[in-house]
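Below is one structure, written out as structure tokens; the observations come after it.
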Amino acid sequence: MTVTTGSGTPWSVPADAATAPLLAVRELCVRFPRRYGDVAVLDRVDLTIDAGEVVAVVGESGCGKSLLGLAAADLLPRSAAVTGTVAFDGQDVRAMSRRERRQMRGAGIGVVYQDALTSLNPGMSAGAQLRQVCKLGSSSSPEELLASVGLEDTERIMRARPYQLSGGQRQRVLIAIALARDPQLVIADEPTTALDVTIQKHVVELLRSLQRSRNFALMFISHDLALVSELATRTAVMYAGQLVESGPTRDILARPRHPYTAGLLESSRSLDECWPTLASIPGSVRQPADFLAGCRFRDRCGNATERCAHRPVLEVDGTAGERYLACFHPVGTET
Amino acid sequence: MHDASPDTSRTDPAAALFDVRNVTVDYASRGGYTRALRDVSLQIRPGQAIGVIGESGSGKTTLSRSMLGLIEPTRGHVLYRGRDVYAMGSISRFRVLSREAAMVFQDPRSSLNPRLSAGAVVRDPLTVLGIGTRQQRKAKVGELLESVGLAAELATRPVRALSGGQLQRLALARALAVEPSIIVADEPTSALDVSVQAQVLNLFQQIRARRHLALLLVSHDVRVVRFLADHVLVMCDGDVVERGATEQIYRDPHHDYTKALLAAAPRLRVQA
Ligand SMILES: Nc1ncnc2c1ncn2[C@@H]1O[C@H](COP(=O)(O)OP(=O)(O)OP(=O)(O)O)[C@@H](O)[C@H]1O
Ligand SMILES: Nc1ncnc2c1ncn2[C@@H]1O[C@H](COP(=O)(O)OP(=O)(O)O)[C@@H](O)[C@H]1O
Ligand code: SF4
Ligand SMILES: [Mg+2]
Ligand SMILES: [Mg+2]
């Protein structure tokens, strides 16, 4: 079992699947032609996740985090027009046969959604839902799974309908279901946003300890940098459908390069340290219909120049290893 | 209990905006009852900002709703400027409290009618309470939108076309329309992203200072309470387990429950 952080160049697809990252998203574009015409709501997104690695995807509401998670599990709605590639375990997801795809969705990838109440079947007991998934093949029994997510009172929980469980309990049941088929990759889409801080802390600790003991890769989607800093080895930051910066979490937090990341971090820090006035990024994020050409952050960016009307490409950031950046005038550069 | 608040209203109850006296609230539940508040007392003076923190189910929302005349206590009294809220007739209770105390909720998308225009949302309370002429109301809507940092053009936009941050500004504008003495805000920024949350919290802060507004702020996020509130009540299972000046409780919590709550808040881990 090896845990690798970071990856080589994310662009070359090795023919040998054994050395390929577990998940490789390349030049991924997603459009909803009916609703937004030619605007790419995910715009040339690159992301790799290695086996056993914890990667966070961070950004404001509407920036495309959930779509990226759905794309990784090949669960995008039919109305989406997709270009680029998503490879799981070296295999192009969209070129897979139906059988292969079913196999991947079941045993390869487990998904935990934000809203546990709507993603569980309200008319079915938690136990019945868990049993249904385990029947498809699992190394654990439903009871073992519930115990592993810290639900001690297994008998009662098995019989309970979702509405009879607390928010934290529901989220644990969802995690148990996601883990049932021993996936290699777990996608957790804001799994704690609806919970209060104490339960949030328990769920995050649970995810971390399960990830260590079962060694699955984890894609952790969140808008909260503080939470991300407690969990992820690598972080990717998105803004308005574009991936603007990625690298080791510690590095990014200590030395953000993209002005948006820097703004988010400052905001988060000002709240943590209780500044008299909180730091915020001026203006607000646009809806897809009004996305700017070029860098989509440029109407809110203090560093913007005419050059930013062109689209900056995500490239290796020259000043540091393992970091990628899409910006013409990054923070911390002498001019 | 650790009580550091220098509460002058205790000696002079008429000076308090709200005086909550030994309030207990029981909800009937199958074959018995749930005690959501147990003998809670609290005073809020004009201009004072009080925070209420506690886990889900600890009774925060029940407390704020019982103050607003929406949940009658099983025992105890709620006084507004010295008048017993639940001794008033329901019509005068509505008139007094809806002019004086305005509410902002966690999720504006479900608390504001999505089909109304932004302008109508702000104008509504004025119309219902018969404040001003039609012309005056129209002018006031423009001013209010501007005061929360929304462009006046937004007045004609339907609520469903606004972003989360814009909606919460709108909810604040609506709350300010009746020129209340106090705003009761239940998790007003929990649904917002960090940087949008920062904008909205700054706005609350500015407006509160400018208008000398009192605030009752309910949140499970200690960071938000610390930023906006001078005093804080810590609630656990319907009890107030600790209260005092926010900064003092933040730095030197006495109750184990408060310590656990503070420790649970996610903290930015930055190593230079
Ligand atoms: N209408 C109701 N009927 C029965 N019980 C209720 C009702 N409303 C609340 N309760 C119960 O009263 C207690 C306090 O609830 P309250 O909504 O005040 O908590 P809270 O602190 O606001 O929680 P949260 O952070 O989840 O909003 C809980 O045990 C809750 O289940
Ligand atoms: N099924 C869909 N049809 C049309 N637009 C969609 C659909 N799903 C998401 N979008 C749009 O794509 C953008 C990104 O959405 P999403 O990935 O859900 O954002 P996030 O998870 O970061 O909040 C948003 O502008 C959203 O409105
Ligand atoms: S590319 Fe230009 S506008 Fe975009 S973040 Fe960098 S400096 Fe700002
Ligand atoms: Mg999402
Ligand atoms: Mg509540």
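Couple of notes before you dig in:
- Environment charge of A:Gly127, counting only residues whose C-beta is closer than 14 Å and scoring Lys/Arg +1, Asp/Glu -1: +3
- Net charge of neighbours whose Cβ lies under 10 Å from the Cβ of B:Tyr257, counting Lys and Arg as +1 and Asp and Glu as -1: -4
- FRET efficiency for A:Tyr36 and A:Thr118, using Cβ-Cβ distance with R0 set to 30 Å, rounded to 0.05: 0.75
- Relative protection proxy for B:113-121, A:98-106, from highest mean packing down: B:113-121, A:98-106 (other beta-carbon atoms within 10 angstrom).
- The protein assembly as shown: radius of gyration over Cα atoms, expressed as a fraction of 2.2 N^0.38 Å: 1.02
- Label sites at B:Thr156 and A:Glu144, each approximated as a point 7 angstrom past Cα along Cα to Cβ, lie 6.5 nm apart.
- Cβ-derived FRET efficiency at R0 45 Å, B:Arg211 paired with A:Asp299, nearest 0.05: 0.90
- Taken over segment B:166-260, the alpha-carbon convex hull comes to 111 cubic angstrom per residue.
- Of all beta bridges that DSSP places with both ends in segment A:23-325, some 60 percent have antiparallel geometry.
- Most to least accessible of B:Thr62, B:Thr34 (protein chains only, probe 1.4 Å): B:Thr34, B:Thr62
- Take each residue of peptide A:219-228, count the partner chain Cβ atoms within 10 Å of its Cβ, and average: the result is 3.
- Longest to shortest principal axis, alpha-carbon extents of segment A:202-332, angstrom: 50, 37, 32
- Rough spin-label spacing in nm, given labels placed 7 Å along Cα→Cβ, for B:Glu143 and A:Ala80: 4.9
- Share of Cα-Cα pairs in chain A lying beyond 33 Å, as whole percent: 28
- Column: log10 I(q)/I(0), Debye, Cα scatterers of segment B:28-138, q = 0.19 Å⁻¹: -1.22
- Structure-based [θ]222 nm, chain A - -39500 (n - 2.57) summed over DSSP H runs of at least 4, per residue, nearest 500: -8500 deg cm²/dmol
- Counting only alpha carbon atoms, the long axis of helix A:167-179 and the longest principal axis of chain A meet at about 90°.
- Note on segment A:180-280: antiparallel DSSP beta bridges, both residues inside, total approximately 55 percent of the bridges counted.
- Using alpha carbons only, the radius of gyration of segment B:79-227 set against its Kirkwood radius gives Rg/Rh = 0.96.
- Separation of the alpha carbons by more than 26 angstrom is noted, of A:Lys201/B:Lys60; A:Lys65/A:Lys201; A:Lys65/B:Lys259, for A:Lys65/B:Lys259.
- Helix axis angle, A:126-135 relative to chain A longest principal axis, alpha carbon, degrees: 90
- Computed on segment B:218-264, the Cα convex hull volume stands at 70 Å³ per residue.
- Under the criterion of Cα pairs below 8 Å and six or more residues apart, the relative contact order for chain A equals 19 percent.
- Segment B:51-125, accessible area per residue, ligands and nucleic acids excluded (1.4 Å, Å²): 47
- Cα-Cα pairs of chain B separated by more than 28 Å (percent): 37
- Mean per-residue shielding of peptide A:266-278 is 6, counting Cβ atoms of other chains within 10 Å of each Cβ.
- A convex hull fitted to the Cα coordinates of segment A:105-197 yields 90 cubic angstrom per residue.
- Semi-axes of the equivalent ellipsoid for segment B:23-87, Cα gyration tensor, largest first, Å: 22, 16, 8
- Positive minus negative residues near B:Gln206 (Lys, Arg vs Asp, Glu; Cβ under 14 Å): +3
- DSSP beta bridges fully contained in chain B are about 55 percent antiparallel.
- Counting every alpha-carbon pair across segment B:55-115, the share separated by more than 16 Å comes to 52%.
- Each label was represented as a point 7 Å from its Cα along the Cα-to-Cβ direction; for A:Asp153 and B:Thr24 these points are 2.5 nm apart.
- Springs between Cα atoms under 10 Å define the GNM used for chain B, and in it the highest mean-square fluctuation of B:Gln248, B:Gln197, B:Gln136 occurs at B:Gln136.
- Comparing Cα centroids, segment A:23-64 and segment A:279-302 end up 17 angstrom apart.
- Helix A:259-272 and the long axis of chain A differ in direction by around 60°, with both axes built from C-alpha atoms.
The values are calculated or read from the model by the stated rules, or taken from the named source; none is laboratory data. Since we're looking at a predicted model, the values are computed, not measured. For neighbour counting, all protein chains shown are included, and Cβ atoms are generated from backbone atoms with ideal geometry for every residue, glycine included. Note: areas computed on protein heavy atoms with side chains; ligands, DNA, RNA excluded. Shrake-Rupley method; radii C 1.70, N 1.55, O 1.52, S 1.80 Å.
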